[in-house]
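Where a number appears in this text, it was derived from the coordinates with a stated rule and is not lab data. Since we're looking at a predicted model, the values are computed, not measured. Here Cβ is always computed from backbone atoms with ideal geometry, including for glycine, and neighbour counts include all displayed protein chains.
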Amino acid sequence: MQACSLLRRVVTVATMVFAAQVSAQAAPMQAGNAEARTSKAFEAARQQGPLALHAFLAAMPKGADLHNHLSGAVYAESWIAQAAADGLCVDIATSSLLDKPTAAAPNCGQGRRPAADALSDQHFYDTLVDAFSMRSFVPSAGRSGHDQFFDSFGRFEAVSPQQHMGDWLNEVSTRAATQNEQYLELMVTPPFAHAAQLARTLGWQDNFDTLRRQLLAHGLKDEMAVDEQLLTQALTERSRQQQCGKAKAADGCSVQIHFLYQVLRGAAPERVFAQTLLGFELASADPRWVGINFVMPEDGYLSMRDYTLQMHMLDYLHRLYPKVHISLHAGELAPGLVPPDGLRFHIRQAVEIGHAERIGHGVDVMYEDRPEALLDEMAARHVMVEINLTSNDVILGVHGADHPLPTYLKHGVPVALSTDDEGVSRIDLTHEYVRAAEDFGLDYPILKQMARNSLTYSFLPGESLWTSSACRGQTPGASHPATACQRFLDGSAKAAAQWELEHRFQTFEEAHQA
């Protein structure tokens with residue numbers, strides 16, 4: 001009880017500090033009567049319990065989900081349906097999807113069975129859902145939530161993105177639309193086999209300039225056409241399924257999507273460098289790719305051994321490609337997962353060396369060297385933290401009083417809620433808003449500011465609405481902005497999205513005026 005009381009006091013102080021800092025910034029309009037009444041409705045829903053709170057927050061405008069791995073966002077049921085449609089097999093021992101049966105083994109072979117069998121065998125179906133997600137998982141000796149979470153991805157990776165990426169985009173954007181989201185930045189690893197082969201052939205070079213020149217001279221950029229085609233094909237299929245541009249267009253069409261290029265950090269340094277270079281080149285040439293991120297378990301052997309080296313790779317490439325945005329998984333660690341020394345520097349190096357504009361997770365911030373100074377530095381630099389509450393709980397066992405969210409708020413570090421891998425975790429963004437409200441006592445204005453942050457710190461192009469004077473003196477979100485303001489909105493995708501969010505807030509809050 002004392003621990004819970006202490007957490008509430010910390011959150012209350014953090015909320016007051018954060019609210020004061022928000023009001024001091026050139027930021028959104030002051031809370032009016034509509035917001036005050038909506039805050040009362042929110043508190044009334046909170047008093048009724050989590051079901052009422054969920055119903056309230058499901059309709060609340062949420063802006064963007066900025067930390068969302070596309071493959072991890074797809075639900076297990078979709079993987080099963082797609083595997084069955086493609087005629088894939090399942091390894092019974094591991095519940096992993098495998099390639100199609102061959103002429104030599106027309107029924108998939110010994111120890112395997114067709115994925116399509118799951119559609120008529122409920123027990124088999126349930127086994128696959130549990131294998132592809134965190135559903136029903138209970139930690140046991142030698143088997144943690146961390147293990148189950150990351151192992152899930154290898155079990156469904158046989159489903160072809162060339163055939164189904166459009167299906168995945170349809171699924172995640174449809175889910176986003178039902179929760180009043182506007183924008184997704186989806187992390188994707190496009191094909192990079194050619195880059196990997198070049199890296200193996202050329203080997204490691206301590207001189208980044210030399211290695212970059214060799215990779216480009218041997219045709220690294222040849223793979224970009226394949227990656228661009230994959231994206232075009234997937235977006236076209238998503239548009240077809242949702243009938244975008246037609247009279248009966250689905251709600252999912254209203255959700256904007258951009259992509260972050262995922263680099264697999266748990267590989268040999270020459271391959272990490274080659275893939276990172278390919279990502280920077282692709283993001284420089286194709287505006288649909290708005291930035292770079294490093295993925296895979298941060299506690300992995302190569303991820304830990306080469307962390308500082310990888311940050312220097314980013315430092316070098318950032319100087320050559322300064323317009324490519326960088327968001328980094330950093331501090332997705334907890335005591336016991338790695339030795340104490342491994343907790344002391346990842347977030348700081350991501351910010352100071354890796355040029356991270358956003359930090360994904362940031363869970364171990366208070367274990368870093370001089371954490372208070374680091375937090376103040378992040379606030380001063382406006383480095384936003386992508387908060388993934390459920391993911392941090394199931395992977396790291398970090399929740400409640402052990403989570404640094406109140407600390408970030410106390411120091412004025414901008415934060416926004418995100419899902420990480422909503423399919424694997426069996427959640428959605430509304431679930432994370434409910435969890436934030438329940439676990440940390442956050443009120444409606446703070447949740448509203450988090451939604452605003454998600455667009456302010458997105459990698460959408462253009463100047464922010466809150467830093468421009470073009471629309472000053474007007475009510476953000478109004479239906480008919482003045483000519484100069486409209487001209488500014490037309491030229492800034494970010495400001496236009498922010499204006500739309502304010503319009504959605506007006507609509508949402510007007511519904512609570514009674």
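Summary of computed values
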{"item": "Ellipsoid semi-axes in whole angstrom, largest first, where each is sqrt(5λ) of the Cα gyration tensor of the chain", "result": "35, 28, 26"}
{"item": "Expected 222 nm ellipticity per residue - DSSP helices of 4 or more, -39500 (n - 2.57), all of the chain, to 500", "result": "-16000 deg cm²/dmol"}
{"item": "Of LYS40/LYS62; LYS62/LYS221; LYS62/LYS410, those spanning more than 27 Å from alpha-carbon to alpha-carbon", "result": "LYS62/LYS221"}
{"item": "Rounded tilt (10° steps) of 224-242 against the dominant C-alpha axis of the chain", "result": "60"}
{"item": "Estimated inter-spin distance, GLU372 and ALA247, nm [label 7 Å along Cα→Cβ]", "result": "6.6"}
{"item": "Tilt relative to the chain, helix 76-85 - C-alpha long axis, 0 to 90 degrees, to 10", "result": "40"}
{"item": "Net charge, ARG344 excluded, C-beta distance under 10 Å - Lys, Arg +1, Asp, Glu -1", "result": "-2"}
{"item": "³J(HN,Hα), Karplus 6.51/-1.76/1.60, whole Hz, each residue of segment 344-356, x for Gly, Pro", "result": "8, 8, 5, 5, 4, 5, 4, 7, 7, 10, x, 6, 5"}
{"item": "Pair SER160, LEU51: separation of 7 Å Cα→Cβ label points (nm)", "result": "4.6"}
{"item": "Placed amide H near HIS67: partners under 5 Å, 5+ positions off or other chain", "result": "THR419, ASP420"}
{"item": "Sum of side-chain charges, TRP79 neighbourhood, beta-carbon under 10 Å (Lys, Arg +1; Asp, Glu -1)", "result": "-1"}
{"item": "At q = 0.15, 0.26 Å⁻¹, base-10 log of I(q)/I(0) for segment 74-156 (Debye sum, equal scatterers on each alpha carbon)", "result": "-0.52, -1.27"}
{"item": "Potential lengthening between ARG200 and ALA484 on full extension [0.36 nm per residue; Cα-Cα distance subtracted]", "result": "96.8 nm"}
{"item": "Long-range amide H partners of GLY360 with built H, under 5 Å", "result": "LEU328, HIS329, ALA330, GLU386"}
{"item": "Which of VAL129, VAL263 has the fewest Cβ neighbours within 10 Å, and the rest in rising order", "result": "VAL129, VAL263"}
{"item": "Degrees, to the nearest 10: 269-285 long Cα axis against longest axis of the chain", "result": "60"}
{"item": "Inter-label distance, nm, simple model (7 Å from Cα along the C-beta direction), LEU309/LYS40", "result": "6.2"}
{"item": "Per-pair calculated FRET efficiency, R0 = 51 Å: VAL138 and THR210 via Cβ, rounded to 0.05", "result": "0.50"}
